[in-house]
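What follows is a single structure, written as structure tokens, with notes after it.
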Amino acid sequence: MAVTQLVGSKIHRREDPRLITGHGHYIDDFARQGTAYAAFVRSPHAHARVKRIDVTDASKSAGVTAVYTARDFKGQLAGTHPAAPAFVAEKKYVPERFPIAEKEVTYQGEIVAAVLAETKAQATDAANLIQVEYEELPAVMDLEKALDPKSPKAHEGAADNVCWDLTYTGPEVSDAAFKEAEVVVKERILQNRLMPVPMEPRGVMAEYESFDKKLTITMSSQNPHFIRLFVSGAMGLKESQVRVVSPDVGGGFGSKISPYPEDYLVPAMARMAERPVKWIETRTESLQNATHGRGQFYDVEVAAKKDGTLLGMRMTQYLDVGAYCGTFGAFQACACLMAGGAYKWKGISARTVGILTNRVPTDPYRGAGRPEATHLVERMVDLVAAELKMDPVEVRRKNFIGKDEFPYTQNFGLVVDSGDYEKSLDLALKIAGYDELRKKQADMRKQGKYMGIGLSTWIELCGFGPSAATAPATGGIALVESAQVRVTPTGSVIVYTGTHAHGQGHETTFSQIVADELGVPIESVDLRHGDTAEGTSFGYGTYGSRSLAVGGVAVSKAVGKVVEKGRKLAAHMLEAADEDVVFEHGSYHVKGSPDKTKAFGEVAFASYGMGLPEGMEQGLEAVAYFDPPNLVWPFGAHIAVVEVDAETGNVQLTKYVAVDDCGNIINPMIVDGQVHGGVAQAIAQALYEEVVYDEESGQLKTGTLLDYNIPGIGEIPSMDLDHTITPSPTNDLGVKGIGEAGTIAASAAVINAVVDALSPLGITHVDMPASPDRIWKMMKEAGK
């Protein structure tokens with residue numbers, strides 16, 4: 001009988017029927033009897049002293065049960081908002097952060113007071129009655145000016161605005177390469193600040209049981225176990241006293257990894273009020289206060305030979321930290337380590353500078369450092385090609401790391417596991433019809449039309465992470481992953497995973513792995529996650545394209561332990577030696593005697609009974625942790641085709657091709673979905689989205705979705721997707737990450753296409769977003 005292989009099949013997402021029919025459970029769907037509702041008073045200023053807070057009118061307002069300021073929380077909270085100690089080895093100045101400001105506010109939206117009331121509307125009305133007297137201070141907004149010793153300081157009393165300044169490798173590393181240079185190109189490359197804008201804003205509900213001092217937090221989070229760790233410590237509770245439940249989550253994109261002020265304040269208010277407390281973020285609060293992404297610029301120069309051989313790179317990253325260093329904000333400095341991309345270099349000199357400003361803090365946003373690095377190197381490769389009048393395809397081919405050179409040690413000592421970059425590029429060029437596109441471009445230019453073709457041959461480091469690399473970066477916690485697999489007496493399977501699904505499709509892909517390896521129907525597999533009281537003792541969350549490459553492998557290893565215990569029990573039942581029993585397609589049988597067999601369900605039932613082998617305990621379950629020996633390195637080639645309207649500056653994407661390689665594929669449909677979403681977000685950065693503050697006052701100008709330009713379906717083109725498969729040797733499944741691939745690749749492809757379109761006008765670089773007004777002005781200045 002033929003056996004259906006689930007891994008590799010296009011199985012529709014199991015979670016979708018529940019979610020699209022309204023049967024999901026998001027944070028605002030939860031309610032508890034006697035709940036009080038919280039509202040927060042936030043600073044309207046980017047930087048100011050808090051002179052006086054008058055809560056008199058608010059305290060008398062209808063339905064109000066309590067009003068709190070910073071003093072009320074001083075005895076409740078301590079040690080909040082840890083900033084990961086490494087990723088950048090030397091932090092110069094990390095401002096201490098308390099969840100509610102007392103004497104000084106350092107960004108618009110920082111909390112200064114909190115209200116509890118019987119209804120959400122009453123809490124909001126009362127919050128509007130609180131009168132706060134501020135003394136406005138100069139706002140630090142410009143990154144270059146912030147480095148001037150005479151600049152105002154983002155925090156009063158600080159020596160300067162430098163959060164960190166670290167040279168990974170000095171000029172001496174690239175000096176020899178630059179001495180060989182026959183051509184040098186330089187550019188300043190901007191990474192516009194972005195808002196994550198998940199469909200579901202954040203929310204927190206907390207219940208505190210005063211007798212046994214137990215706290216339950218229900219919230220929208222990518223990382224419930226880390227939230228338990230942070231909040232329990234801040235509130236003086238043992239981790240065992242705190243339960244964090246993160247149910248269905250309507251998107252995160254990195255913005256729901258780290259703890260926020262409200263994640264501490266709501267539980268503290270629940271303890272003080274001795275009743276459940278709930279807070280749901282408004283869209284305005286989300287745009288204003290959720291951590292932003294990107295917000296950087298790079299000064300880069302590249303040395304090359306006249307034949308297109310890349311020699312060396314010098315780059316400095318200037319990163320807008322915001323008012324406080326985000327918990328994982330310094331991770332964005334990994335852009336320096338990834339600056340070489342898919343190419344061979346003789347030397348790269350890299351420095352990162354984290355700069356404090358009076359903006360909301362930045363923290364990881366989909367890709368976090370990897371999109372910045374790819375955009376940087378892919379723009380510079382195109383600049384080299386333009387300078388030498390070479391086809392950008394030719395320059396890339398000439399400098400790729402060869403498929404026979406893996407594992408390949410990059411300039412900063414990182415080891416790339418596997419790759420075949422030319423293969424993915426060849427396939428992308430074929431799908432796009434590259435030669436025909438160039439002919440069409442030549443014809444359109446004769447007609448005075450502006451068509452451009454842009455490439456991005458991207459790589460990524462992901463699958464965090466090896467304990468040797470990540471434990472120092474997180475204060476000692478290694479970013480390994482855990483899983484527990486439990487088989488019930490009737491043969492159904494419950495899988496607990498420490499990763500968290502919020503759009504990635506874990507309920508489908510992880511179940512495919514389990515069903516295949518146990519030989520059971522996928523319908524019998526139940527995946528559970530997001531509750532620190534269930535299953536694994538500690539989960540490490542979902543971010544950095546790590547879920548499958550680390551969490552999925554942990555699940556597979558736990559299944560392997562279950563199969564092995566079942567094999568020993570089956571051997572006992574079949575009266576055979578352990579080594580003579582094999583497991584295939586959901587049953588155990590004796591080698592050479594396929595009629596002597598026990599179905600997996602029979603063995604599962606027997607494991608809960610009597611007559612087990614000596615020393616074997618009842619039950620059929622296992623826990624596994626996976627500590628990967630290396631990161632995984634997906635890669636690919638993307639091609640964008642654009643037309644630029646000479647009259648309006650509008651950029652229209654007419655074709656988009658993506659060929660990605662994430663190793664072995666569990667579910668092609670889910671992989672395609674992840675690529676679609678990632679590409680859409682990167683197109684948004686390239687052409688539409690940008691967080692804008694007033695450079696003098698620090699007021700957020702893009703505080704609504706009327707001002708912050710998220711593209712709709714009309715702006716995102718149909719995509720031609722395909723894949724190559726280069727398995728990773730890092731894990732038994734041979735898988736790599738894919739969740740961030742589109743975001744990493746696409747901005748460079750789009751901007752390279754825009755620059756290519758405008759090259760007849762002598763335009764060599766375009767900053768993001770390439771909005772119509774920016775492009776129109778550039779064309780007019782170029783004489784069009």
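The values are calculated or read from the model by the stated rules, or taken from the named source; none is laboratory data. Predicted, not measured: the structure shown is a model, and the values here were computed from it. Positions of Cβ are generated from backbone atoms using ideal geometry, with glycine treated the same way; all protein chains shown enter the neighbour counts. The accessibility values were calculated without ligands, DNA or RNA, using every heavy atom of the protein model including side chains. Shrake-Rupley method; radii C 1.70, N 1.55, O 1.52, S 1.80 Å.
Here is a yes/no grid of residues against (1) among the aromatic types (Phe, Trp, Tyr); (2) touching a helix residue (DSSP H, G or I) at 6+ places or on another chain (Cβ under 8 Å); (3) crowded, with 19+ Cβ neighbours inside 10 Å; (4) on the phi > 0 side of the Ramachandran plot:
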site	(1), (2), (3), (4)
Glu405	no, no, no, no
Lys423	no, yes, no, no
Arg438	no, no, no, no
Gly476	no, no, no, yes
Arg486	no, no, yes, no
Ala515	no, yes, yes, no
Leu518	no, yes, yes, no
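Can you tell me which of (1) assigned to a loop (DSSP other than H, G, I, E, B); (2) of a type outside the set (Phe, Trp, Tyr); (3) buried (at least 24 other Cβ atoms within 10 Å of the Cβ); (4) out of contact with any Gly (no Cβ under 9 Å at 6 or more places or on another chain) is the one Thr648 doesn't meet?
It fails just one condition, (3).
Since Ser545 meets every condition but one in (1) in a helix (DSSP H, G or I); (2) in contact with a helix residue (DSSP H, G or I) (Cβ under 9 Å, 6 or more places away or on another chain); (3) under 30 Å from Val750 (Cβ atoms), which condition does it not meet?
For Ser545, the failing item is (1).
Got at least one residue in segment 292-315 being closer than 30 Å to Met205 by Cβ, touching a residue at least 40 places away in the same chain (Cβ under 8 Å) and among the charged types (D, E, K, R)? It would help to see each step written out before you state the result.
Of all residues in segment 292-315, those closer than 30 Å to Met205 by Cβ come to 292-293.
Within this subset, residues satisfying the condition of being touching a residue at least 40 places away in the same chain (Cβ under 8 Å) are 292-293.
If we keep only those that are among the charged types (D, E, K, R) too, we end up with none.
Checking segment 292-315: not a single residue is closer than 30 Å to Met205 by Cβ, touching a residue at least 40 places away in the same chain (Cβ under 8 Å) and among the charged types (D, E, K, R).
Identify all residues within segment 293-308 that are surrounded by fewer than 24 Cβ atoms within 10 Å (Cβ to Cβ) and not in a loop (DSSP other than H, G, I, E, B); write none if there are none.
Taking segment 293-308 and keeping what is surrounded by fewer than 24 Cβ atoms within 10 Å (Cβ to Cβ), we get 297, 299-301, 305-308.
Passing the criteria: Phe297, Asp299, Val300, Glu301.
Considering segment 625-643 alone, what residues qualify as being open to solvent by less than 10 Å² (accessible area, probe 1.4 Å) and either aliphatic (A, V, I, L, M) or touching a strand residue (DSSP E or B) at 6+ places or on another chain (Cβ under 7 Å) (or both)? Please lay out each step first, then the result.
The first filter runs over segment 625-643 and keeps only residues open to solvent by less than 10 Å² (accessible area, probe 1.4 Å), leaving 628, 632-642.
The answer is Val632, Trp633, Pro634, Phe635, Gly636, Ala637, His638, Ile639, Ala640, Val641, Val642.
From Ala154, Ala181, Ala176, grab the single residue that is farther than 30 Å from Thr743 by Cα, aliphatic (A, V, I, L, M), out of contact with any Lys or Arg (no Cβ under 8 Å at 6 or more places or on another chain) and not assigned by TED's automatic domain parsing to the domain that holds Asn709.
So the residue among Ala154, Ala181, Ala176 that is farther than 30 Å from Thr743 by Cα, aliphatic (A, V, I, L, M), out of contact with any Lys or Arg (no Cβ under 8 Å at 6 or more places or on another chain) and not assigned by TED's automatic domain parsing to the domain that holds Asn709 is Ala154.
If I ask for residues that are open to solvent by 10 Å² or more (accessible area, probe 1.4 Å) and either within 19 Å of Ala658 (Cα to Cα) or among the charged types (D, E, K, R) (or both), which ones from segment 747-776 would you list?
Narrowing segment 747-776 to residues open to solvent by 10 Å² or more (accessible area, probe 1.4 Å): 755-756, 759-765, 767, 771-774, 776.
Result: Asp756, Asp767, Asp773, Arg774.
Does Leu376 count as open to solvent by 10 Å² or more (accessible area, probe 1.4 Å) and out of contact with any helix residue (DSSP H, G or I) (no Cβ under 6 Å at 6 or more places or on another chain)? Working first, answer last.
Details: open to solvent by 10 Å² or more (accessible area, probe 1.4 Å): no; out of contact with any helix residue (DSSP H, G or I) (no Cβ under 6 Å at 6 or more places or on another chain): yes.
No.
Quick check on my filter: what residues within segment 27-76 are of a type in the set (Gly, Ala, Ser) and assigned to a strand (DSSP E or B)?
Ala36, Ala38, Ala39, Ala48, Ala66
Could you tell me which of the residues Asp417, Asp382 is farther than 19 Å from Ala746 by Cβ, touching a Leu at 6+ places or on another chain (Cβ under 9 Å), of a type in the set (D, E, K, R) and open to solvent by less than 40 Å² (accessible area, probe 1.4 Å)?
Asp417
Arg397: touching a helix residue (DSSP H, G or I) at 6+ places or on another chain (Cβ under 8 Å), assigned to a helix (DSSP H, G or I) and without any contact (Cβ under 8 Å) to a residue 60 or more places away in the chain, yes or no?
When the stated conditions are applied, Arg397 passes them.
Filter segment 159-177 down to the residues that are surrounded by fewer than 20 Cβ atoms within 10 Å (Cβ to Cβ) and closer than 12 Å to Gly347 by Cα, then identify the one that is nearest to the chain's Cα centre (by Cα). Break it down into steps so the answer makes sense when it comes.
Step one: filter segment 159-177 for residues surrounded by fewer than 20 Cβ atoms within 10 Å (Cβ to Cβ), giving 159-160, 162, 165-167, 169-172, 175-176.
If we keep only those that are closer than 12 Å to Gly347 by Cα as well, we get 169-172, 175-176.
Numbers: Thr169: 26, Gly170: 29, Pro171: 31, Glu172: 34, Asp175: 35, Ala176: 36 Å.
By that ranking, first place goes to Thr169.
Here are some conditions: (1) acidic (Asp, Glu); (2) farther than 19 Å from Met719 by Cα; (3) without any contact (Cβ under 8 Å) to a residue 60 or more places away in the chain. Glu436 meets all but one. Which one does it not meet?
Checking Glu436 against (1) acidic (Asp, Glu); (2) farther than 19 Å from Met719 by Cα; (3) without any contact (Cβ under 8 Å) to a residue 60 or more places away in the chain, the one that fails is (2).
Go through segment 178-218 and give me each residue that's open to solvent by 70 Å² or more (accessible area, probe 1.4 Å) and either aromatic (Phe, Trp, Tyr) or touching a Ser or Thr at 6+ places or on another chain (Cβ under 6 Å) (or both).
Correct list: Phe211 only.
Return a yes/no flag: does segment 606-625 have any residue that is farther than 25 Å from Ala501 by Cβ, in a helix (DSSP H, G or I) and either aromatic (Phe, Trp, Tyr) or not assigned by TED's automatic domain parsing to the domain that holds Ile666 (or both).
Yes, the conditions are met somewhere in segment 606-625.
Check Leu137, Leu129 and return the single one that is within 23 Å of Tyr324 (Cβ to Cβ) and either surrounded by 17 or more Cβ atoms within 10 Å (Cβ to Cβ) or assigned by TED's automatic domain parsing to the domain that holds Gly63 (or both).
Leu137
Please go through (1) buried (at least 20 other Cβ atoms within 10 Å of the Cβ); (2) assigned to a loop (DSSP other than H, G, I, E, B); (3) within 23 Å of the chain's Cα centre (by Cα) for Ile744 and return the number of the only condition it doesn't satisfy.
In the conditions (1) buried (at least 20 other Cβ atoms within 10 Å of the Cβ); (2) assigned to a loop (DSSP other than H, G, I, E, B); (3) within 23 Å of the chain's Cα centre (by Cα), Ile744 misses (2) alone.
Can you pull out the residues in segment 539-589 that are hydroxyl-bearing (Ser, Thr, Tyr) and out of contact with any strand residue (DSSP E or B) (no Cβ under 6 Å at 6 or more places or on another chain)?
Result: Thr542, Tyr543, Ser547, Ser556.
Could you run through segment 446-470 and say how many residues are out of contact with any Leu (no Cβ under 8 Å at 6 or more places or on another chain) and without any contact (Cβ under 8 Å) to a residue 24 or more places away in the chain?
3
Do you know which residues across segment 609-641 are more than 25 Å from Gly739 (Cα to Cα) and under 42 Å from the mean Cα position of the chain (by Cα)?
Glu617, Gln618, Gly619, Leu620, Glu621, Ala622, Val623
Checking the conditions here, which among Asp722, Asp732 is more than 25 Å from Met199 (Cα to Cα), of a type in the set (Asp, Glu) and touching a Leu at 6+ places or on another chain (Cβ under 7 Å)?
Every option except Asp722 fails the conditions.
Condition test on Ala350, is it open to solvent by less than 10 Å² (accessible area, probe 1.4 Å) and not in a strand (DSSP E or B)?
The answer is no for Ala350.
When you look at Arg314, is it at positive phi and buried (at least 24 other Cβ atoms within 10 Å of the Cβ), yes or no?
no
With respect to Lys565, is the statement that it is under 22 Å from Gln484 (Cα atoms) and open to solvent by less than 80 Å² (accessible area, probe 1.4 Å) true?
On the way: under 22 Å from Gln484 (Cα atoms): yes; open to solvent by less than 80 Å² (accessible area, probe 1.4 Å): yes.
Judged against the criteria, Lys565 is a match.
Take the residues of segment 651-703 that are open to solvent by 40 Å² or more (accessible area, probe 1.4 Å) and of a type in the set (A, V, I, L, M): which is nearest to the chain's Cα centre (by Cα)?
Filtering segment 651-703 for residues that are open to solvent by 40 Å² or more (accessible area, probe 1.4 Å) and of a type in the set (A, V, I, L, M), the one nearest to the chain's Cα centre (by Cα) comes out as Met669.
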